[in-house]
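FYI, it's all coordinate maths here, none of it is from the lab. Since this is a predicted model, take the numbers as computed values, not measurements. Here the Cβ positions follow ideal geometry from the backbone for every residue, glycine too, while neighbour counts run over all protein chains shown.
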Number of protein chains: 2
Amino acid sequence: MVAAAKEANAEILKVAFHRFEPHGVSGVVVIAESHLSIHTWPESGYAAVDFYTCGDHTDPWRACEYAAQELHADSMLTTEVKRGIASTNGQYTHVVHEHAGRATAKRSA
Amino acid sequence: MVAAAKEANAEILKVAFHRFEPHGVSGVVVIAESHLSIHTWPESGYAAVDFYTCGDHTDPWRACEYAAQELHADSMLTTEVKRGIASTNGQYTHVVHEHAGRATAKRSA
């Protein structure tokens with residue numbers, strides 16, 4: 001995930017990972033532009049990954065594609081959430097784009 | 001966020017926070033049941049907070065309500081994402097419930 005953060009052109013601030021027994025990992029990379037997180041369930045062949053960035057100089061999709069490649073993902077289902085959108089009433093909202101991925105399958109099984 | 005994790009009945013594994021100058025904080029609590037994260041923009045009166053838990057013994061909404069209370073949030077907009085749902089084709093999917101919050105305003109301004 002550190003490498004994925006670099007792929008996204010993010011500035012890494014903190015790294016916190018935990019390895020579970022007998023398998024699986026949970027970890028987060030706090031970046032200057034928010035965070036990347038991963039939780040894996042190797043026994044199920046499943047990983048849940050978040051790429052949360054801010055600003056114009058980062059590209060979370062590059063991190064996403066890099067992680068999918070490194071995880072040898074057969075398939076990838078993505079949802080994009082645009083957060084912190086200022087409303088006219090002074091509050092903030094977010095917008096969900098389901099299955100917004102630039103790629104939905106990295107390789108065949 | 002550590003206290004919020006305890007409110008959710010989560011087991012805390014790692015804590016990683018970064019304080020920005022002149023203000024704002026980014027931080028993550030890795031829990032046995034996934035993670036909690038926060039990013040604040042005090043200059044805008046905005047915070048983006050994730051409560052990601054697994055299992056039946058945790059309640060992310062308790063953590064959410066606790067955080068909103070501690071942040072003195074005038075308003076709160078929530079979206080619930082149920083992740084890692086097994087599909088019949090052996091893949092995993094997720095389901096988004098927009099603005100699913102149990103509470104939308106913690107106190108009046």
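How big is the charge dipole of chain A about its Cα centre, in debye rounded to the nearest 20, if each Lys and Arg gets +1 on its Cβ and each Asp and Glu gets -1 on its Cβ? List each step's numbers first, then the result.
Values: 9 positive and 13 negative charges, 11 e Å.
The dipole of chain A has a size of about 60 debye.
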message: Tell me which of A:Trp41, A:Trp61, A:His72 sits at the most positive position along the dipole axis of segment A:34-86, charges placed on C-beta atoms (Lys, Arg +1; Asp, Glu -1).
response: A:Trp61
- prompt: With each pseudo-label sitting 7 Å past Cα toward Cβ, what's the B:Ser44-B:Ala3 distance in nm, one decimal?
  reply: 2.6 nm
message: How far apart, in nanometres, would the label points at B:Ala32 and A:Val25 be if each is projected 7 angstrom from Cα along the Cα-to-Cβ direction?
response: 2.1 nm
- prompt: What net charge do the residues around A:Tyr52 carry, taking every other residue with its C-beta under 12 Å from that of A:Tyr52, with Lys and Arg at +1 and Asp and Glu at -1?
  reply: -2
field: Nearest-first distances (nm) between copies at B:Asp74, label 7 Å from Cα via Cβ
entry: 5.1
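Please compute, for peptide B:30-39, the average count of beta-carbon atoms on other protein chains lying within 10 Å of each residue's beta-carbon. Please report the intermediate quantities before stating the final value.
Numbers: counts 8, 2, 3, 2, 5, 11, 1, 7, 1, 8.
Mean partner-chain Cβ count within 10 Å for B:30-39: 5.
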message: Can you compute the helix-only [θ] at 222 nm over the protein assembly as shown? Use -39500 (n - 2.57) per DSSP H run of at least 4 residues, normalise by all residues, nearest 500 deg cm²/dmol.
response: -4500 deg cm²/dmol
- prompt: Given a Förster distance of 30 angstrom, what is the FRET efficiency for A:Glu98 paired with A:His18, based on the Cβ-Cβ distance and rounded to 0.05?
  reply: 0.55
Neighbourhood charge, 12 Å Cβ-Cβ cut-off, centred on B:Val95 and excluding it, Lys, Arg +1 and Asp, Glu -1: -1
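Starting from the Cα gyration tensor of chain B, take the square roots of the eigenvalues, sort them a ≥ b ≥ c, and report rounded, prolate or oblate (rounded when a/c is under 1.5, otherwise prolate if a/b is larger than b/c, else oblate).
Working: a/c = 1.83, a/b = 1.45, b/c = 1.26.
Prolate, since a/c reaches 1.5 and a/b exceeds b/c.
What average count of beta carbons from other chains do you get within 10 Å of the Cβ of residues in B:73-79? Each step should come with its number before you reach the end.
Details: counts 0, 2, 6, 1, 6, 1, 6.
Mean shielding by partner chains, rounded to a whole number: 3.
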field: Inter-copy separations for B:His57, label at 7 Å along Cα-Cβ, nm, ascending
entry: 4.4
- prompt: Under a plain spin-label model, where a point goes 7 Å from the Cα along Cα-to-Cβ, how far apart in nm are A:Asp56 and A:Asp74?
  reply: 4.2 nm
